[in-house]
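One structure is given here, and the rest of the page talks about it.
The values are calculated or read from the model by the stated rules, or taken from the named source; none is laboratory data. Predicted model, so just to flag it, every value in this text is computed and none were measured. All Cβ positions, glycine included, derive from the backbone under ideal geometry; neighbour counts span all protein chains shown.
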Amino acid sequence: MSEVGTWAHSEKLAISVDAAVSGAFGSLGRPVQKNLAALCVSFLGVLGSARSGQGRLSLAALYRFLPTFGTPHAREKRLNRFLDNKRLDPHGVSSGLAQLIFGKKGGGFWPIVFDQTKAGNTQSLVAGVPFEGRIHL
């Protein structure tokens, strides 16, 4: 795929993710929503590419894929400012994620299976939801 085709695909993805984030994360301010959408697109870009780092996710990998203009240093500063933002409310993020996963209806309780794993210095928390007789992570 050409560089122009890749950018057009990334732009369409960014618009779709931004619409989903603004609908689900209504309790967060619009600037936080826009940065969260950019971070989600970056995360999807990192997951969809071959990378080094022995399978570890790094902030450097995320800021390289941020769908914003500017130098790599400017994207790094933007990501760090967003992660340090006091308006990035953990309750609002959790509620928005639950709404994206389960929808707006929220019909009753949803069983969720959690597993915590430690690999070296890295902690991982995985959540799974039962669907059609299987646990999907």
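Looking at this structure, is residue 78 at negative phi and out of contact with any strand residue (DSSP E or B) (no Cβ under 8 Å at 6 or more places or on another chain)? Step through it out loud before you land on a result.
Working: at negative phi: yes; out of contact with any strand residue (DSSP E or B) (no Cβ under 8 Å at 6 or more places or on another chain): yes.
So residue 78 fits the description; yes.
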Residue match in segment 106-115 (condition: modelled with pLDDT under 80, among the β-branched types (Val, Ile, Thr) and part of a strand (DSSP E or B)): yes
I'd like to know if segment 42-58 contains one or more residues that are part of a loop (DSSP other than H, G, I, E, B), out of contact with any strand residue (DSSP E or B) (no Cβ under 9 Å at 6 or more places or on another chain) and farther than 23 Å from residue 122 by Cα. no
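Any idea which of 19, 37, 8 is assigned to a helix (DSSP H, G or I), loosely packed, with under 13 Cβ neighbours inside 10 Å, among the hydrophobic types (A, V, I, L, M, F, W, C) and modelled with pLDDT of 85 or more? Spell out how you get there, then give the answer.
On the way: 37 fails: loosely packed, with under 13 Cβ neighbours inside 10 Å; 8 fails: modelled with pLDDT of 85 or more.
Being assigned to a helix (DSSP H, G or I), loosely packed, with under 13 Cβ neighbours inside 10 Å, among the hydrophobic types (A, V, I, L, M, F, W, C) and modelled with pLDDT of 85 or more holds for just one of 19, 37, 8, which is 19.
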